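Following: one structure in structure tokens, then a few remarks.
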Amino acid sequence: MTGEKTWWRNAVLYQIYPRSFFDSNGDGIGDLKGITKKLDYIASLGVDGVWLSPFFTSPMADFGYDVSDYCGVDPIFGTLDDFDEMLDSMHKRGLKLIIDFVMSHSSIAHPWFTESRSGKTNPKADWYVWADPKPDGTPPNNWISVFNGPAWTFDAQRGQYYYHQFLKDQPDLNIRNPEVVEALFSAARWWLDKGVDGFRLDALQHCIHDPGLHDNPARPLPPPDGKTIPRPYDMQQHKYDRNQPEMIGFCKKLRSLADDYKDRMLLAEVSGTETTIAYTNGPDMLHTAYNFSLLSHAYGADAFQEALGDFFDTPHESWPSWAMSNHDTIRAATRWSPDGRRHPAQAKMLLALLMSMRGTPFIYQGEELGLTESFVPPDQRVDTGLGLTGTGRDGCRTPMPWQKRKANAGFSKAKNTWLPVPDAHMPLAVDMQEKDKESVLHFTRRFISWRKKQPTLLEGDIMFPDGYKNVFCFTRRLGGEELFCAFNLHPESVTLPLRNDIIPLEGHGFAPANKDSGSLSLPGFGAYFGRSVAA
Ligand code: BGC
């Protein structure tokens, strides 16, 4: 597949968490006008588009992932006019925009929920998932919230429990009800008519539940990795509360909605490889999905080979998306650091790896600076959810550092920002990295621009050669060309076997590797790209 319809396949996308990008009005919270002001910066990276996390009207219990008006802009972020201006300015610069769409649940403050909870016979009585208590008054079944505790809360007004897979402020919509689907789709059309280029479909696999409300079976926890804090949620097999068979039909409906428009992209957030494939396998399914396999603590050639191998080892038509950092997990520069410290060389190598795998890469704001996870003092923490590794998510959401010497690193003129800008991020600010040609920022630009000129990296098949233990290696193949890509994930230098017909490529930003006949030496956190052509 090539051509305009598939712009997203070869794209590099940049995730903006709007609360923390740039504050234009001095209230300590980032906003849409702030994003518009920084579009030259975003375009300068060479990325093709933006995934923008929620900016919709919301009480902000989950910082926007609890939507109370699907077609409104929360005043914290600005107005619809600000949105239109931002979208227009992005398009003028050739940047696409995909926005988050939260279909699995709304905010408890959504008028739909207010009506639904008002009794058992109102027109929206069945728009959410309601159930009677068990005879002993306890919740209808054993389902657990992703954020811990029962996934059910008793509502005294209606005299029933309502279901919420996340916070109790995020009641699950009943996607089995066609009226609910139509209401959500009409909001989606409203944004598509405005010209957004697609949606990132939040928590998609959570959209449909088992109507029999069967208990989930228990799941033995995997051996501890010493870093991930196991969540009660991880102690169940999610047989009945997510990823129900009807999801396939729902994905098809979503795709058909997008296909009514030209060139729109649907990106699902799902948890595992099997679901990633299932939701995207075929021309009538979603365009692409990302999962959590590179967002956890698992690190190393074996772990990465397993994550990618799981996806590529079976024949299917799915096209993956990949992210190593986002607003839900500890930043990769810290999560995968060998000693807890920042290693710019590692940050560069990881960015290159992210952008060299077959699939669409997503860079999370600040990843292009090699930002580390922030330490947020306990009395300044605000997130009540839980991240993918079982910890709070404030540390990956602190504001972008723009200018080292300005208050709040130039993010905001406010006295206090919604989350503090950590001192450790000051020297990593954009203005400092602009001055340093060896910075992670300059590397990111160089690599993105180099990648655009490598059709084999953009579209080639991916294969994992045997015989590489300490280095993560794969080959990408397109037509007669083969690119051999090697990433030293560790700080120690390493020597690896290399076929003699492989010629090093240049221009990607890594120092030339030391190549002897039949072998290659890679410095700590180094990477190598070499090319061979079939005779
Ligand atoms: C989002 C989270 C959010 C959750 C509930 C996710 O997967 O990325 O930030 O808390 O969905 O909407």
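The values are calculated or read from the model by the stated rules, or taken from the named source; none is laboratory data. All of these numbers come straight from a predicted model, not from anything done at the bench. Because the Cβ atoms are built from the backbone with ideal geometry, glycine has one as well, and the counts that use them run over all protein chains shown. With ligands, DNA and RNA removed, areas are computed over all heavy atoms of the protein, side chains included. Shrake-Rupley method; radii C 1.70, N 1.55, O 1.52, S 1.80 Å.
Numerical summary
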read-out: In segment 367-389, the residues that are open to solvent by less than 10 Å² (accessible area, probe 1.4 Å) and either at pLDDT below 90 or not in a loop (DSSP other than H, G, I, E, B) (or both); value: Glu368, Leu369, Gly387, Thr389
read-out: Test: residue in segment 50-58 that is aromatic (Phe, Trp, Tyr), surrounded by fewer than 23 Cβ atoms within 10 Å (Cβ to Cβ) and in contact (Cβ under 8 Å) with a residue 60 or more places away in the chain; value: no
read-out: Any hit, segment 193-207, residues being within 30 Å of Pro140 (Cβ to Cβ) and β-branched (Val, Ile, Thr); value: no
read-out: Residue match in segment 19-38 (condition: touching a Lys or Arg at 6+ places or on another chain (Cβ under 7 Å), away from the ligand (no atom under 16 Å from the Cβ), open to solvent by 10 Å² or more (accessible area, probe 1.4 Å) and under 23 Å from Asp169 (Cβ atoms)); value: yes
read-out: Check on Phe83, under 24 Å from Arg255 (Cα atoms) and aromatic (Phe, Trp, Tyr); value: no
read-out: Among the residues listed as Leu221, Leu184, the single one being of a type in the set (A, V, I, L, M, F, W, C), in the same structural domain as Thr391 (by TED's automatic domain parsing) and either within 16 Å of the ligand (Cβ to nearest atom) or outside any helix (DSSP H, G or I) (or both); value: Leu184
read-out: Residues (of a type in the set (S, T, N, Q) and open to solvent by less than 30 Å² (accessible area, probe 1.4 Å)) located in segment 225-270; value: Gln236, Gln244
read-out: Top-ranked residue in segment 44-72 [being hydroxyl-bearing (Ser, Thr, Tyr) and within 30 Å of Ser449 (Cα to Cα); ranked as farthest from the ligand (Cβ to nearest atom)]; value: Ser44
read-out: Conditions (1) more than 16 Å from the ligand (Cβ to nearest atom); (2) assigned to a helix (DSSP H, G or I); (3) not assigned by TED's automatic domain parsing to the domain that holds Val270: number failed by Phe113; value: (1)
read-out: Near pairs, Cβ below 8 angstrom, 6+ apart or cross-chain, from segment 302-313 (under 10 Å from Ile462 (Cβ atoms)) to any residue that is among the charged types (D, E, K, R); value: Phe312/Arg358
